[in-house]
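A short worksheet on the structure shown next.
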Amino acid sequence: MSKFIKAALASSVLAASVMGANAAHAATASADARANILAEVTLSNDAGTALDFGTIVVDGTGGAVVVDNAGNLDTCGGALVCSGSTDAADFTVGGTALETVNVSIPATVVLTNTASDTMTATLSSTVAAGQVSLDASGAAAFSVGGSLAVAGSQPDGAYTGTFTVTADYP
């Protein structure tokens, strides 16, 4: 009987090894997990600088007053008389060093006096292709100038308007 038990045992071992050889082999693979954390984008109007077209005297013919992106009076068109100081609006963007930030500046701003008379300024800026590149300290600066269309019959008064600039990562 012991031969019978030995034979049965050998047969079981042989069957187990054949079954194991025919069993499916599991495959495994690994993947990385990633996250890129960026500092929040900040945007500030430096020291509250405004786009300032200065003082303009209208003589009946009108024209355009252009303040360049550096804040200088570039043009005092027509027979307008321009005086006083001019300035561009200066902005600083902050965020993660060496990243690119999209900057959106409106095309125009409407200036209104207390009597609700209006003038429209077309805006220009030092932002190239709608983007600025942050430097190694995570900052970039740009300025906004513009061209103000002044009608020959433009009513007098102090005109103001507000434009909103936005900045965000692409």
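Read-outs: derived from the displayed coordinates by stated rules, not from any lab. As the structure is a prediction and not an experimental result, all values here were calculated from the model. Glycine also receives a Cβ, built like all others from the backbone with ideal geometry; neighbour counts cover every protein chain displayed.
With the convex hull drawn over the C-alpha atoms of segment 55-134, the volume per residue is 122 Å³.
Under 5 Å from the amide H of residue 96 lie the amide H atoms of 39, each residue being 5 or more positions distant or on a separate chain, with H modelled from the backbone and absent for Pro and chain starts. On a 0 to 90 degree scale, rounded to 10, what angle separates helix 2-22 from the longest Cα axis of the chain? Once rounded, the angle reads 20 degrees.
Taking the inverse of the mean reciprocal distance over all distinct Cα pairs, the Kirkwood hydrodynamic radius of the chain comes to 20.9 Å. For the chain, the residue among 149, 36, 119 whose Cα projects farthest onto the positive side of the dipole built from Cβ charges is 36.
In sequence order, segment 137-146 has phi-based couplings of 9, x, 9, 8, 10, 8, 9, 10, x, x Hz under the Karplus curve 6.51 cos²θ - 1.76 cosθ + 1.60, θ = phi - 60°, and Gly or Pro positions carry x. Taking amide H atoms as placed 1.01 Å from N in the peptide plane, the amide H of residue 131 lies under 5 Å from those of 103, each 5 or more residues away in sequence or on another chain. Each residue of segment 124-129 was assigned a 3J(HN,Hα) from its phi angle through the Karplus curve 6.51 cos²θ - 1.76 cosθ + 1.60 (θ = phi - 60°); the sequence is 9, 8, 8, 6, 9, 6 Hz, with glycine and proline shown as x. For segment 23-170, the relative contact order works out to 29 percent when only alpha carbon pairs closer than 8 Å and six or more residues apart are counted. The stretch between residue 115 and residue 72, if pulled fully straight at 0.36 nm per residue, gains 12.6 nm over its current Cα-Cα span. 3J(HN,Hα) along segment 100-116: 9, 10, 6, 10, 10, 10, x, 6, 9, 9, 9, 9, 10, 9, 5, 8, 6 Hz, from the Karplus curve 6.51 cos²θ - 1.76 cosθ + 1.60 with θ = phi - 60°, whole Hz, x for Gly and Pro.
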